[in-house]
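The values are calculated or read from the model by the stated rules, or taken from the named source; none is laboratory data. Everything quoted here is computed from the prediction, not taken from an experiment. Cβ sites come from the backbone with ideal geometry, for glycine too, and all protein chains shown count toward neighbours.
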Amino acid sequence: MEEVTTAPLFEIDSQSGSSISNVGGDQNVYFGGVRSRAAAIGRGVAALGLALFFGGVGLFITTFVISMQRLVSDINGSGISDNYRHYVPDISIPALALLAAGIVLVRFGRLYANR
């Protein structure tokens, strides 16, 4: 009875290098679970940026709802005001700041998390 080998067999006539590395094996390089401190900080910064971004989205939606309520109220009531600042709530600036800060922190966090 013949023994069947399941391991891959590589027959090469000629080779210019001194060895073949990882042929047919695992192509990933693992560092034993040890991660750099910069990568851990980067993931934390990215998570903070994501939280700020979604907070900004929430405030921006609130800003939009308040603006539309004021606009509809003025259309149904006394008429549209000439002052556009009447329709833009004060929370619009923090909403935009949170959105921008969230986007920037996510990008920087992803940059350092890949180290």
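Please enumerate the residues belonging to the range 68-115 that are polar (S, T, N, Q) and touching a helix residue (DSSP H, G or I) at 6+ places or on another chain (Cβ under 9 Å). Walk me through how you get there before you give the answer.
Keep residues of the range 68-115 that are polar (S, T, N, Q), which gives 69, 73, 76, 78, 81, 83, 92, 114.
Of everything in the range 68-115, those that are polar (S, T, N, Q) and touching a helix residue (DSSP H, G or I) at 6+ places or on another chain (Cβ under 9 Å) turn out to be Ser81, Ser92, Asn114.
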For residues that are assigned to a helix (DSSP H, G or I) and farther than 30 Å from Ala39 by Cα, tally how many sit in the range 63-115.
19
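Identify all residues within the range 45-60 that are farther than 14 Å from Phe108 by Cβ, aromatic (Phe, Trp, Tyr) and surrounded by 14 or more Cβ atoms within 10 Å (Cβ to Cβ); write none if there are none. Step through it out loud before you land on a result.
Residues of the range 45-60 farther than 14 Å from Phe108 by Cβ: 51, 54-60.
Now drop any that are not aromatic (Phe, Trp, Tyr), which leaves 54, 60.
Within the range 45-60, Phe60 is the sole residue that qualifies.
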Would you pick out the residues in the range 86-103 that are surrounded by 14 or more Cβ atoms within 10 Å (Cβ to Cβ) and closer than 15 Å to Ala47 by Cα?
Leu98, Leu99, Ala101, Gly102, Ile103
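Determine, yes or no, whether Gly24 is surrounded by 10 or more Cβ atoms within 10 Å (Cβ to Cβ), modelled with pLDDT of 80 or more and within 30 Å of Asn114 (Cα to Cα).
Working: surrounded by 10 or more Cβ atoms within 10 Å (Cβ to Cβ): yes; modelled with pLDDT of 80 or more: no; within 30 Å of Asn114 (Cα to Cα): yes.
Considered against the rule, which asks whether it is surrounded by 10 or more Cβ atoms within 10 Å (Cβ to Cβ), modelled with pLDDT of 80 or more and within 30 Å of Asn114 (Cα to Cα), Gly24 comes out as no.
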Which numbered condition in (1) farther than 30 Å from Ala113 by Cα; (2) among the β-branched types (Val, Ile, Thr); (3) at pLDDT below 65 is the only one that Val29 fails?
(1)
